[in-house]
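The values are calculated or read from the model by the stated rules, or taken from the named source; none is laboratory data. The model shown is predicted, which means the values in this text are computed figures rather than measured ones. As a convention, Cβ positions derive from the backbone with ideal geometry for all residues, glycine included, and neighbour counts pool all protein chains shown. Heads up: the accessible areas ignore ligands, DNA and RNA and are worked out on the full protein's heavy atoms, side chains in. Shrake-Rupley method; radii C 1.70, N 1.55, O 1.52, S 1.80 Å.
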Amino acid sequence: MITLKQALSLPKEEIVQIKKDLKRKIEEQKQLGAYVEQLIDSEISELGDGVPIAIKDNIQVDGWNITCSSKILQNYVAPYNATVIEKMLQNGLSAYGRCNMDEFAMGSSTESSYYGKTLNPFDPNRVPGGSSGGSAAAVGAKIAIAALGSDTGGSIRQPAAFCGCVGMKPTYGKISRYGLSAFSSSLDQIGPITQNVTDSAILYDILAGHDEKDSTSLNIAHDKVSNNLNPDKKLTIAVIQNYLEEASPEIRSKMLEAIKALEESGHKIVYKNMINSKYDVATYYIVATAEASANLSRYDGVRYGRRAEVNNLKDMYIKSRSEGFGDEVKRRILLGSFVLSSGYYDAYYIKAQKARHLIKDQFEAIFKEADLIFTPVTPTTAFEFGSKKDPLEMYLSDIYTIAVNLAGLPAISLPIGKDDQNLPIGGQLIAKILDEQTLFDGALSLERALK
Ligand code: GLN
C-alpha cells in the first residue's frame with residue numbers, strides 16, 4: 001500500500017485511480033469487517049479528490065450515517081463535519097469509508113459493535129483490538145492508506161499494536177474534539193493510525209491546532225513536527241522496570257531487543273518504577289464511566305437516538321435506551337451514575353480525581369530525569385474472540401495505556417516485532433505534555449533501529 005507521504009505528492013488523477021483500486025480491495029476483503037459500510041460508486045466522485053483516509057464511526061462526516069456502531073444511532077445522518085474532517089479537506093485529504101468500533105468506543109476488542117466483529121488481519125480467530133479496531137484492521141490489512149481513531153484509554157494505541165501499525169494519541173487539547181461523539185470528555189482525543197511514524201507525524205500536523213468550537217482545545221500555535229523530524233537526537237529514555245517484569249515472555253523479549261536497539265542508537269536508558277497499574281484501571285473506570293453516564297444521557301429517543309414504540313413518556317425513555325444500547329454501554333452508564341450519586345460521590349468520584357493527580361505527579365517526577373518513557377502497549381498479543389468473558393478481564397487490556405490519558409500526555413504505539421505465531425507486538429513511547437516533537441523523533445529513531 002502506498003504511504004500517506006507518497007500519496008500526498010501524487011497528481012489528483014492518480015488519487016482518483018487509487019480510490020478505485022482501494023474500493024476493489026475493500027470489497028475483496030469484506031470478510032474482515034473493517035469497514036461498516038460498503039463504499040458506493042458515487043462516493044468516489046462526491047468525496048472530492050483528496051487522499052482517502054478511513055474514519056472511525058464516531059467522527060462526524062457531513063451526510064454520512066455516523067452511528068458509534070450502536071443500534072441507538074442507526075439512521076442518524078451527521079449534519080456537519082468534525083473539525084478534523086474540515087482540516088483534512090483543506091490539506092489534500094478526504095474522508096473515505098466508515099470503520100467499525102466498539103459501541104460508543106467502550107471496549108478493547110471491537111466485539112461490542114452493533115455490526116458484528118472485525119477480524120484481526122494477522123489471524124481471523126483473533127480480535128483486532130479496540131475500540132478503534134476497524135481503523136487499525138484497515139491500515140494493518142493494507143486496505144486504508146491511513147485512518148482516524150479516537151483514544152480515551154488506549155483505543156488508538158492498543159488496536160494499532162494488535163494490527164501491526166502506528167497509533168498516536170496527542171496531548172489532551174491538541175486536536176479538536178468538535179464533532180467527535182463524546183465518551184469521556186476529559187480523556188477523549190482523536191489521533192492518526194498509520195503505516196509508519198513519518199505518516200503519523202504528517203497526519204498529526206494536519207489534524208492539530210486550536211479550534212474555537214472546542215472549549216477544551218489548547219489556544220496555542222501549532223509548531224509542525226513533520227518538517228523537523230530528527231531521529232538522530234540523543235535522548236534519555238526511562239524504561240518502567242516493573243512493567244517489563246510483569247509482561248508476557250514474548251512481549252518482554254521484544255521489549256528487551258527494542259531497548260538494546262535504542263541504546264545502540266546512542267540513547268541513554270534509565271530504569272524507573274511506577275505504581276501498580278491496577279490503580280490506574282480503578283481510577284480510569286470511575287472517571288470514564290462518570291463522564292460517559294452524563295454524555296450518553298442525550299440519547300433518549302427525543303434529542304438523539306432511535307425512539308421505541310410506546311404509549312407514554314416514561315416508557316419511551318426506558319424502552320428507547322433499553323433497546324438501543326448494548327450490554328457494555330449499559331454497564332458503564334449504571335456504574336457512572338452510581339459513582340456520581342449522592343453518598344458515593346466523595347467516596348468514589350472525588351477519590352478518583354485525587355488518584356488522577358497522583359498519577360500525573362508520578363509521570364512528572366520521571367520526566368525530570370527523562371525525555372521519553374518506554375513501556376509495552378499491551379500485556380499480551382491479540383487474544384481470541386470470546387476469550388474475555390468477564391468485563392473486568394477485558395478492562396485489564398489497557399493497563400499500560402490508560403494512565404497516559406489520565407495525565408493528558410502524548411504517546412505513540414509502534415511495531416517492535418512479532419511473536420512466534422506471527423502476531424504483532426507494540427512498544428509505547430510517552431512524552432511530556434506538548435512535546436510531540438521529541439515523541440516523534442524518538443519513535444522514528446526506534447522504527448529505523450529495528451528495520
Ligand atoms: N478500552 C478502554 C475502555 O473500554 C478504552 C476505550 C477507548 O480508549 N475509547 O474504556
> Where a Cα-Cα gap under 18 Å defines reach, which lysines qualify for K117, not counting those fewer than 8 residues away within the same chain?
Replying inline: K30, K56, K71, K388, K389
> region 344-389 to region 241-318: how many Å between their Cα centroids?
Replying inline: 8
>> Show me the trypsin sites (Lys or Arg not before Pro) within region 89-158 that DSSP assigns to loop and that have at most 15 other Cβ atoms within 10 Å of their Cβ.
In response: K142
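Enumerate by residue number the chymotrypsin sites (Phe, Trp or Tyr not before Pro) in region 327-398 meeting two conditions: DSSP loop (anything except H, G, I, E, B), and at most 16 other Cβ atoms within 10 Å of the site's Cβ.
Those satisfying the criteria are Y344, F385.
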> Too long at a 29 Å Cα-Cα cut-off: which of K20/K87; K278/K314; K19/K330; K234/K360; K142/K368; K12/K213?
Replying inline: K278/K314; K19/K330; K142/K368; K12/K213
>> Leaving out ligands and nucleic acids, and using a 1.4 Å probe, what accessible area per residue does region 44-156 come to in Å²?
In response: 24
> Under the classification rounded if a/c is under 1.5, otherwise prolate if a/b is larger than b/c and oblate if not, where does region 148-224 fall, given a ≥ b ≥ c as square roots of the Cα gyration tensor eigenvalues?
Replying inline: oblate
>> If you filter region 197-305 for GluC sites (Glu not before Pro), then keep DSSP loop positions with at most 10 other Cβ within 10 Å, what is left?
In response: E212
> What order do H222, H210, H267 take when sorted by accessible area (1.4 Å probe), most exposed first?
Replying inline: H210, H222, H267
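In a shell of Cβ-Cβ distance under 12 Å around A355, excluding A355 itself, what net charge do Lys and Arg (+1) and Asp and Glu (-1) give?
+3
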> Cross-link partners among aspartates and glutamates for K23, C-alpha distance below 17 Å, same-chain residues fewer than 8 apart left out?
Replying inline: E13, E14, E37, D41, E43, E46, D49
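Please compute the net charge surrounding A78, taking Lys and Arg as +1 and Asp and Glu as -1 over other residues with Cβ under 12 Å from its Cβ. Please report the intermediate quantities before stating the final value.
Working: positive: R98; negative: D57, D62.
Residues near A78 contribute -1 overall.
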>> Need the list of aspartates and glutamates near K354 for cross-linking: C-alpha distance under 20 angstrom, and skip anything on the same chain fewer than eight residues off.
In response: D188, D280, E291, D346, E364
> Got a number for carbon plus sulfur as a percent of region 236-333's accessible area, 1.4 Å probe?
Replying inline: 49
> For region 337-451, rounded, prolate or oblate, judged on the Cα gyration tensor with a ≥ b ≥ c (square roots of eigenvalues), a/c < 1.5 rounded, else prolate if a/b > b/c?
Replying inline: oblate
>> Within 11 Å, Cβ to Cβ, of P128, how many net charges do the neighbouring residues add up to if Lys/Arg are +1 and Asp/Glu are -1?
In response: -1
> Using +1 on the beta carbon of Lys and Arg, -1 on that of Asp and Glu, and nothing else charged, what's the dipole of the chain about the Cα centre, debye to 20?
Replying inline: 440
